[in-house]
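Before any comments, here is the structure.
The values are calculated or read from the model by the stated rules, or taken from the named source; none is laboratory data. The structure presented is a predicted model; accordingly, all values stated were derived computationally and were not measured. Note: ideal-geometry Cβ built from the backbone for every residue, glycine included; neighbour counts use all protein chains shown. Note: areas computed on protein heavy atoms with side chains; ligands, DNA, RNA excluded. Shrake-Rupley method; radii C 1.70, N 1.55, O 1.52, S 1.80 Å.
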Amino acid sequence: MFLGIGPAGEHPQWPAAAASLAAFAAGAGIVSWLRGATRRWPPPLTGIVVTELALALWTVLNLLLGYGREAAAARIVLTAVGAFAMGSLTTLFSRTAGIATTITYQSGTAAKTGERAVRWLTGRGAGRTRARTGTLLGLLAISCYAAGGAVGTLAQHQPRWVPLWGALALATLILMIRRDGDRR
């Protein structure tokens, strides 16, 4: 939601939120992929190693970047590396113990989207096609969260115009769907 609230003017740290979301998804996706690709180590150990390496990297960067106090770019980097570790930790918990964690982000959407994105990039055949579909649906869901945040923020500033923009967006979406359906 911060991705929508930020550009609407109410969350100046939204670039860090965007980096966090992408890195969380990447951490979840990479650990999920490594669990299946690495035969040398047991899958839980793979998740632990990736999480620990990400946390060690975060610790070093945190010291080198002065805890992110001075520069927005430093905060973005620290947020992304920390989120990567949390994404890998989420996959470690959910895939090893079957425990669905709610560390962050809507119902694991980011984690599942990241897992599918990595499968799309590294997979083959029908599995790759399913992964692409899952990735695109996950990105659609995340976009909807962001749009909801933006609409809510704009509604606070200009409550009369929001229904008009919402109606125009919905009408455009309906026309696009109908047009795509007519082609098939």
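Quick test for you: out of Ile48, Ile76, Ile30, pick the one residue that is touching a Pro at 6+ places or on another chain (Cβ under 9 Å) and either loosely packed, with under 14 Cβ neighbours inside 10 Å or hydrophobic (A, V, I, L, M, F, W, C) (or both).
Working: Ile48 fails: touching a Pro at 6+ places or on another chain (Cβ under 9 Å); Ile30 fails: touching a Pro at 6+ places or on another chain (Cβ under 9 Å).
Answer to the selection: Ile76.
Hey, among Gly148, Gly127, Gly181, which residue is modelled with pLDDT under 85, more than 26 Å from Ala17 (Cβ to Cβ), in a helix (DSSP H, G or I) and open to solvent by less than 90 Å² (accessible area, probe 1.4 Å)?
Numbers: Gly148 fails: more than 26 Å from Ala17 (Cβ to Cβ); Gly127 fails: modelled with pLDDT under 85.
Matching residue, one of Gly148, Gly127, Gly181: Gly181.
Within segment 86-103, can you find the residues that are modelled with pLDDT of 70 or more, under 13 Å from the mean Cα position of the chain (by Cα) and not hydroxyl-bearing (Ser, Thr, Tyr)?
Scanning segment 86-103 gives Met86, Gly87.
Within segment 57-73, how many residues turn out to be open to solvent by less than 40 Å² (accessible area, probe 1.4 Å) and of a type in the set (S, T, N, Q)?
Counting residues in segment 57-73 that are open to solvent by less than 40 Å² (accessible area, probe 1.4 Å) and of a type in the set (S, T, N, Q) gives 1.
Please work out if Leu78 is within 22 Å of Ala19 (Cβ to Cβ), over 13 Å from the mean Cα position of the chain (by Cα) and modelled with pLDDT of 85 or more. Outline the logic, then answer.
Numbers: within 22 Å of Ala19 (Cβ to Cβ): yes; over 13 Å from the mean Cα position of the chain (by Cα): yes; modelled with pLDDT of 85 or more: yes.
Yes; evaluated as a whole, the condition is true for this residue.
Output the number of the condition that Gly68 fails; it satisfies all remaining conditions of (1) modelled with pLDDT under 80; (2) out of contact with any Lys or Arg (no Cβ under 7 Å at 6 or more places or on another chain).
Condition (2) is where Gly68 drops out.
Quick one: which residue in Leu61, Leu65, Leu45, Leu34 is of a type in the set (A, V, I, L, M) and under 21 Å from the mean Cα position of the chain (by Cα)?
From the options Leu61, Leu65, Leu45, Leu34, the qualifying one is Leu34.
Identify all residues within segment 39-58 that are more than 21 Å from Val77 (Cα to Cα) and either modelled with pLDDT of 85 or more or touching a strand residue (DSSP E or B) at 6+ places or on another chain (Cβ under 6 Å) (or both); write none if there are none.
At the first step, the residues of segment 39-58 found to be more than 21 Å from Val77 (Cα to Cα) are 39-48.
Passing the criteria: only Ile48.
Which residues, counting only those in segment 27-75, are in contact (Cβ under 8 Å) with a residue 24 or more places away in the chain, within 29 Å of Arg128 (Cα to Cα) and not hydrophobic (A, V, I, L, M, F, W, C)?
If the condition is that a residue be in contact (Cβ under 8 Å) with a residue 24 or more places away in the chain, within 29 Å of Arg128 (Cα to Cα) and not hydrophobic (A, V, I, L, M, F, W, C), then Gly27, Gly29, Ser32, Arg35, Pro43, Pro44, Gly47, Thr51 are the ones that fit.
Quick check on this structure: which one of Ala18, Ala54, Ala22 is open to solvent by 40 Å² or more (accessible area, probe 1.4 Å) and of a type in the set (Gly, Ala, Ser)? Even if it seems obvious, please write down each step before you answer.
On the way: Ala18 fails: open to solvent by 40 Å² or more (accessible area, probe 1.4 Å); Ala54 fails: open to solvent by 40 Å² or more (accessible area, probe 1.4 Å).
On inspection, the qualifying residue turns out to be Ala22.
Name the one entry in Gly134, Gly166, Gly138, Gly114 that is at pLDDT below 75 and either in a helix (DSSP H, G or I) or of a type in the set (Gly, Ala, Ser) (or both).
Values: Gly134 fails: at pLDDT below 75; Gly138 fails: at pLDDT below 75; Gly114 fails: at pLDDT below 75.
Matching residue, one of Gly134, Gly166, Gly138, Gly114: Gly166.
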